[in-house]
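For reference, the structure discussed in these notes is given below.
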Amino acid sequence: MPIAAVILVLISCLLHAVWNLLLKQARDKMAFTALYLLASSVIYFPLFLWQLPNAHIPPAGWACILGTGLLYVGYFRGLAVVYSKGELSIAYPIMRGLGPMLVLVGGMALMSERPSAAGLAGISVIMASLIALQKISGMQEGRLADSSKRGQSTMAAALFVGVVYSLYSMVDKVAVGQLQIPPPIYLYLTYAVSSIFVLPSVVLTSGWSAIKDEWAANKRASVAVGGLSVFSYLLVLYAMSLPGAPVSYITPLRTTSVLFGMLLGAVVLNEGRLAPKLAAGALMMCGITLIAWKG
(Lines give C-alpha, C1' and ligand atoms only; values in the text may rest on other atoms or scores of the structure.)
Protein backbone atom coordinates (compact mmCIF):
# COMPACT_ATOMS: atom_id res chain seq x y z
CA MET A 1 0.00 0.00 0.00
CA PRO A 2 1.48 3.41 -0.97
CA ILE A 3 2.82 5.41 1.96
CA ALA A 4 0.98 8.45 0.57
CA ALA A 5 -2.35 6.65 1.00
CA VAL A 6 -1.46 5.68 4.59
CA ILE A 7 -0.53 9.27 5.44
CA LEU A 8 -3.71 10.67 3.88
CA VAL A 9 -5.94 8.26 5.80
CA LEU A 10 -4.17 8.89 9.11
CA ILE A 11 -4.43 12.66 8.62
CA SER A 12 -8.12 12.20 7.82
CA CYS A 13 -8.61 10.18 11.02
CA LEU A 14 -6.97 12.86 13.15
CA LEU A 15 -8.95 15.68 11.50
CA HIS A 16 -12.21 13.81 11.99
CA ALA A 17 -11.51 13.33 15.68
CA VAL A 18 -10.47 17.00 16.00
CA TRP A 19 -13.67 18.39 14.53
CA ASN A 20 -15.69 16.14 16.83
CA LEU A 21 -13.67 17.56 19.73
CA LEU A 22 -14.54 21.10 18.61
CA LEU A 23 -18.23 20.17 18.45
CA LYS A 24 -18.02 18.67 21.94
CA GLN A 25 -16.54 21.93 23.26
CA ALA A 26 -19.30 24.12 21.76
CA ARG A 27 -21.75 25.78 24.14
CA ASP A 28 -24.96 25.32 22.11
CA LYS A 29 -24.13 22.25 20.06
CA MET A 30 -27.17 22.43 17.79
CA ALA A 31 -26.57 26.09 16.93
CA PHE A 32 -22.90 25.24 16.38
CA THR A 33 -23.99 22.45 14.00
CA ALA A 34 -26.11 24.86 11.97
CA LEU A 35 -23.15 27.24 11.74
CA TYR A 36 -20.62 24.69 10.55
CA LEU A 37 -23.02 23.26 7.95
CA LEU A 38 -23.53 26.76 6.62
CA ALA A 39 -19.77 27.36 6.68
CA SER A 40 -19.10 24.20 4.67
CA SER A 41 -21.53 25.39 1.98
CA VAL A 42 -19.60 28.66 1.67
CA ILE A 43 -16.09 27.19 1.87
CA TYR A 44 -16.60 24.50 -0.77
CA PHE A 45 -18.78 26.50 -3.17
CA PRO A 46 -15.81 27.32 -5.48
CA LEU A 47 -14.85 23.61 -5.63
CA PHE A 48 -18.47 22.75 -6.38
CA LEU A 49 -18.59 25.22 -9.26
CA TRP A 50 -15.27 23.92 -10.62
CA GLN A 51 -16.47 20.29 -10.60
CA LEU A 52 -20.04 20.97 -11.75
CA PRO A 53 -19.48 21.15 -15.56
CA ASN A 54 -18.13 17.58 -15.57
CA ALA A 55 -20.83 16.13 -13.33
CA HIS A 56 -23.73 14.04 -14.59
CA ILE A 57 -26.32 13.23 -11.95
CA PRO A 58 -29.06 10.78 -12.99
CA PRO A 59 -32.49 10.83 -11.31
CA ALA A 60 -31.40 8.00 -8.99
CA GLY A 61 -28.42 10.16 -8.02
CA TRP A 62 -30.68 13.01 -6.97
CA ALA A 63 -32.68 10.54 -4.89
CA CYS A 64 -29.42 9.49 -3.17
CA ILE A 65 -28.48 13.12 -2.54
CA LEU A 66 -31.86 13.89 -1.01
CA GLY A 67 -31.83 10.67 0.99
CA THR A 68 -28.35 11.18 2.41
CA GLY A 69 -29.06 14.87 3.04
CA LEU A 70 -32.10 13.95 5.14
CA LEU A 71 -30.18 11.22 6.94
CA TYR A 72 -27.48 13.81 7.68
CA VAL A 73 -30.14 15.86 9.48
CA GLY A 74 -30.65 12.98 11.91
CA TYR A 75 -26.92 12.31 12.07
CA PHE A 76 -25.90 15.89 12.87
CA ARG A 77 -28.73 16.39 15.35
CA GLY A 78 -27.80 13.09 16.94
CA LEU A 79 -24.18 14.19 17.29
CA ALA A 80 -25.28 17.35 19.08
CA VAL A 81 -27.41 15.32 21.50
CA VAL A 82 -24.66 12.75 22.10
CA TYR A 83 -22.05 15.36 22.96
CA SER A 84 -24.49 17.20 25.21
CA LYS A 85 -25.02 14.02 27.23
CA GLY A 86 -21.79 12.04 27.23
CA GLU A 87 -18.03 11.95 27.00
CA LEU A 88 -16.18 12.24 23.70
CA SER A 89 -13.94 9.30 24.62
CA ILE A 90 -17.00 7.04 25.10
CA ALA A 91 -19.49 8.27 22.48
CA TYR A 92 -17.04 8.77 19.61
CA PRO A 93 -15.80 5.15 19.41
CA ILE A 94 -19.34 3.82 19.77
CA MET A 95 -20.55 5.91 16.82
CA ARG A 96 -17.52 5.15 14.66
CA GLY A 97 -17.43 1.46 15.50
CA LEU A 98 -21.09 0.62 15.17
CA GLY A 99 -21.39 1.90 11.60
CA PRO A 100 -19.19 -0.69 9.80
CA MET A 101 -20.86 -3.50 11.72
CA LEU A 102 -24.35 -2.31 10.76
CA VAL A 103 -23.30 -1.85 7.12
CA LEU A 104 -22.34 -5.53 7.09
CA VAL A 105 -25.63 -6.50 8.76
CA GLY A 106 -27.52 -4.29 6.31
CA GLY A 107 -25.79 -5.97 3.41
CA MET A 108 -26.90 -9.33 4.78
CA ALA A 109 -30.51 -8.21 5.21
CA LEU A 110 -31.04 -6.03 2.15
CA MET A 111 -28.55 -7.25 -0.45
CA SER A 112 -28.41 -10.98 0.34
CA GLU A 113 -24.70 -10.74 1.12
CA ARG A 114 -23.18 -13.64 3.05
CA PRO A 115 -20.34 -12.71 5.40
CA SER A 116 -17.54 -15.12 6.21
CA ALA A 117 -16.93 -16.65 9.62
CA ALA A 118 -14.35 -13.89 10.22
CA GLY A 119 -17.00 -11.26 9.44
CA LEU A 120 -19.38 -12.77 11.96
CA ALA A 121 -16.55 -12.95 14.48
CA GLY A 122 -15.90 -9.26 13.84
CA ILE A 123 -19.52 -8.46 14.70
CA SER A 124 -19.17 -10.38 17.97
CA VAL A 125 -15.94 -8.57 18.86
CA ILE A 126 -17.49 -5.14 18.19
CA MET A 127 -20.51 -6.04 20.31
CA ALA A 128 -18.17 -7.03 23.15
CA SER A 129 -16.32 -3.70 22.87
CA LEU A 130 -19.63 -1.77 22.90
CA ILE A 131 -20.67 -3.56 26.09
CA ALA A 132 -17.28 -2.76 27.62
CA LEU A 133 -17.63 0.93 26.73
CA GLN A 134 -21.11 1.04 28.24
CA LYS A 135 -19.73 -0.43 31.46
CA ILE A 136 -16.83 2.02 31.49
CA SER A 137 -19.23 4.96 31.03
CA GLY A 138 -20.87 4.04 34.36
CA MET A 139 -17.59 3.68 36.27
CA GLN A 140 -17.58 7.01 38.05
CA GLU A 141 -16.53 7.10 41.69
CA GLY A 142 -19.49 7.86 43.99
CA ARG A 143 -22.74 8.71 42.05
CA LEU A 144 -22.64 5.24 40.42
CA ALA A 145 -26.38 5.09 39.81
CA ASP A 146 -26.50 8.55 38.24
CA SER A 147 -23.50 7.89 36.00
CA SER A 148 -24.92 4.50 35.00
CA LYS A 149 -28.12 6.22 33.82
CA ARG A 150 -26.06 8.83 32.01
CA GLY A 151 -24.01 6.08 30.39
CA GLN A 152 -27.16 4.33 29.17
CA SER A 153 -28.49 7.61 27.79
CA THR A 154 -25.21 8.29 25.99
CA MET A 155 -25.17 4.73 24.64
CA ALA A 156 -28.72 5.07 23.26
CA ALA A 157 -27.98 8.38 21.52
CA ALA A 158 -24.66 7.10 20.16
CA LEU A 159 -26.33 3.94 18.87
CA PHE A 160 -28.86 6.09 17.01
CA VAL A 161 -26.04 8.04 15.35
CA GLY A 162 -24.29 4.77 14.47
CA VAL A 163 -27.45 3.43 12.82
CA VAL A 164 -27.90 6.60 10.77
CA TYR A 165 -24.19 6.49 9.83
CA SER A 166 -24.59 2.95 8.52
CA LEU A 167 -27.67 3.92 6.49
CA TYR A 168 -26.11 6.89 4.71
CA SER A 169 -22.91 4.90 4.13
CA MET A 170 -24.91 2.38 2.10
CA VAL A 171 -26.57 5.18 0.14
CA ASP A 172 -23.16 6.78 -0.47
CA LYS A 173 -21.84 3.48 -1.80
CA VAL A 174 -24.57 3.48 -4.44
CA ALA A 175 -24.21 7.18 -5.32
CA VAL A 176 -20.42 7.39 -5.62
CA GLY A 177 -19.70 3.77 -6.53
CA GLN A 178 -22.49 2.64 -8.85
CA LEU A 179 -23.83 5.97 -10.16
CA GLN A 180 -20.35 7.55 -10.39
CA ILE A 181 -21.32 10.94 -8.98
CA PRO A 182 -18.09 12.95 -8.37
CA PRO A 183 -17.44 12.91 -4.59
CA PRO A 184 -16.96 16.71 -4.22
CA ILE A 185 -20.29 17.34 -5.98
CA TYR A 186 -22.05 14.65 -3.97
CA LEU A 187 -20.69 15.76 -0.59
CA TYR A 188 -21.44 19.42 -1.27
CA LEU A 189 -25.05 18.79 -2.28
CA THR A 190 -25.76 16.42 0.62
CA TYR A 191 -24.37 18.93 3.11
CA ALA A 192 -26.40 21.69 1.45
CA VAL A 193 -29.61 19.65 1.74
CA SER A 194 -28.98 18.99 5.43
CA SER A 195 -28.21 22.66 6.05
CA ILE A 196 -31.52 23.67 4.45
CA PHE A 197 -33.34 21.64 7.11
CA VAL A 198 -31.07 22.06 10.13
CA LEU A 199 -30.71 25.86 10.14
CA PRO A 200 -34.47 26.65 10.10
CA SER A 201 -35.14 24.00 12.76
CA VAL A 202 -32.60 25.60 15.09
CA VAL A 203 -34.08 29.05 14.48
CA LEU A 204 -37.61 27.78 15.16
CA THR A 205 -36.66 25.99 18.38
CA SER A 206 -34.03 28.35 19.79
CA GLY A 207 -34.36 31.59 17.84
CA TRP A 208 -31.78 33.63 15.94
CA SER A 209 -30.26 34.68 19.25
CA ALA A 210 -28.89 31.16 19.74
CA ILE A 211 -27.16 31.31 16.34
CA LYS A 212 -25.79 34.80 17.03
CA ASP A 213 -24.54 33.91 20.50
CA GLU A 214 -22.81 30.76 19.32
CA TRP A 215 -21.23 32.63 16.40
CA ALA A 216 -19.91 35.28 18.80
CA ALA A 217 -18.44 32.61 21.07
CA ASN A 218 -17.17 30.06 18.52
CA LYS A 219 -17.00 31.60 15.07
CA ARG A 220 -13.49 30.29 14.35
CA ALA A 221 -14.28 26.80 15.57
CA SER A 222 -17.49 26.58 13.54
CA VAL A 223 -15.70 27.65 10.36
CA ALA A 224 -12.92 25.18 11.10
CA VAL A 225 -15.41 22.32 11.49
CA GLY A 226 -17.17 23.39 8.30
CA GLY A 227 -13.91 22.89 6.47
CA LEU A 228 -12.60 19.84 8.33
CA SER A 229 -15.79 17.76 8.22
CA VAL A 230 -15.79 17.70 4.41
CA PHE A 231 -12.03 17.78 3.88
CA SER A 232 -11.38 14.78 6.12
CA TYR A 233 -13.67 12.59 4.01
CA LEU A 234 -12.29 13.91 0.73
CA LEU A 235 -8.81 12.80 1.87
CA VAL A 236 -10.12 9.24 2.27
CA LEU A 237 -11.73 9.27 -1.16
CA TYR A 238 -8.51 10.55 -2.71
CA ALA A 239 -6.49 7.86 -0.90
CA MET A 240 -8.82 5.23 -2.36
CA SER A 241 -8.14 6.55 -5.85
CA LEU A 242 -4.36 6.07 -5.62
CA PRO A 243 -2.92 3.04 -7.50
CA GLY A 244 -2.18 0.10 -5.21
CA ALA A 245 -4.36 1.38 -2.36
CA PRO A 246 -7.07 -1.29 -1.85
CA VAL A 247 -10.20 -0.39 0.07
CA SER A 248 -9.72 -3.56 2.14
CA TYR A 249 -6.62 -1.93 3.68
CA ILE A 250 -7.94 1.63 3.90
CA THR A 251 -11.16 0.72 5.74
CA PRO A 252 -9.50 -0.85 8.81
CA LEU A 253 -6.86 1.89 8.80
CA ARG A 254 -9.65 4.46 9.21
CA THR A 255 -10.53 2.91 12.56
CA THR A 256 -7.46 4.69 13.94
CA SER A 257 -9.84 7.62 14.43
CA VAL A 258 -11.36 5.66 17.34
CA LEU A 259 -8.09 5.87 19.24
CA PHE A 260 -7.59 9.55 18.30
CA GLY A 261 -11.07 10.36 19.64
CA MET A 262 -10.40 8.51 22.88
CA LEU A 263 -7.06 10.24 23.38
CA LEU A 264 -8.50 13.71 22.73
CA GLY A 265 -11.39 13.11 25.11
CA ALA A 266 -9.33 11.57 27.89
CA VAL A 267 -6.36 13.97 27.66
CA VAL A 268 -7.65 17.30 26.27
CA LEU A 269 -11.04 17.18 28.03
CA ASN A 270 -9.70 15.35 31.11
CA GLU A 271 -12.37 12.64 30.87
CA GLY A 272 -9.99 10.09 32.42
CA ARG A 273 -10.01 6.28 32.52
CA LEU A 274 -7.74 6.20 29.48
CA ALA A 275 -6.38 2.65 29.89
CA PRO A 276 -9.73 0.78 29.90
CA LYS A 277 -11.06 2.99 27.12
CA LEU A 278 -8.03 2.30 24.92
CA ALA A 279 -8.40 -1.42 25.61
CA ALA A 280 -12.04 -1.33 24.51
CA GLY A 281 -11.07 0.80 21.50
CA ALA A 282 -8.36 -1.63 20.46
CA LEU A 283 -10.87 -4.49 20.72
CA MET A 284 -13.27 -2.56 18.51
CA MET A 285 -10.55 -1.93 15.93
CA CYS A 286 -9.86 -5.67 15.80
CA GLY A 287 -13.53 -6.34 15.10
CA ILE A 288 -13.74 -3.71 12.37
CA THR A 289 -10.54 -5.03 10.79
CA LEU A 290 -12.01 -8.54 10.68
CA ILE A 291 -15.09 -7.22 8.92
CA ALA A 292 -13.13 -5.09 6.44
CA TRP A 293 -10.43 -7.69 5.71
CA LYS A 294 -12.27 -11.02 5.80
CA GLY A 295 -15.94 -10.10 6.18
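Overview of values
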{"item": "So residue 210, is it of a type in the set (A, V, I, L, M), within 15 Å of residue 229 (Cβ to Cβ) and assigned to a helix (DSSP H, G or I)", "result": "no"}
{"item": "Test: residue in segment 220-235 that is outside any loop (DSSP other than H, G, I, E, B), modelled with pLDDT under 90 and more than 20 Å from the chain's Cα centre (by Cα)", "result": "no"}
{"item": "Selected residue (criterion: surrounded by the most Cβ atoms within 10 Å (Cβ to Cβ)) from residues of segment 154-203 that are within 10 Å of residue 64 (Cβ to Cβ) and polar (S, T, N, Q)", "result": "190"}
{"item": "The one condition in (1) part of a loop (DSSP other than H, G, I, E, B); (2) at pLDDT 80 or above that residue 245 fails to fulfil", "result": "(2)"}
{"item": "Count of residues meeting criterion [at pLDDT 75 or above and of a type outside the set (Gly, Ala, Ser)] in segment 117-169", "result": "9"}
{"item": "Criterion violated by residue 12 - all others in (1) among the small types (Gly, Ala, Ser); (2) within 17 Å of the chain's Cα centre (by Cα); (3) over 19 Å from residue 265 (Cα atoms) satisfied", "result": "(3)"}
{"item": "Subset of segment 224-244 (residues that are under 14 Å from residue 191 (Cβ atoms) and either of a type in the set (A, V, I, L, M, F, W, C) or surrounded by fewer than 16 Cβ atoms within 10 Å (Cβ to Cβ) (or both))", "result": "225, 228, 230, 231, 234"}
{"item": "Any pair with Cβ under 6 angstrom, 6 or more apart, that starts in segment 69-97 at a residue that is under 17 Å from residue 19 (Cβ atoms) and ends at one that is surrounded by fewer than 23 Cβ atoms within 10 Å (Cβ to Cβ) and among the basic types (Lys, Arg)", "result": "80/29; 83/29; 84/29"}
{"item": "Failed condition for residue 272, given (1) farther than 24 Å from residue 8 by Cα; (2) at pLDDT below 75; (3) buried (at least 20 other Cβ atoms within 10 Å of the Cβ); (4) not hydrophobic (A, V, I, L, M, F, W, C)", "result": "(3)"}
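The values are calculated or read from the model by the stated rules, or taken from the named source; none is laboratory data. Note that this is a predicted model, so its numbers are computed, not measured. Because the Cβ atoms are built from the backbone with ideal geometry, glycine has one as well, and the counts that use them run over all protein chains shown.
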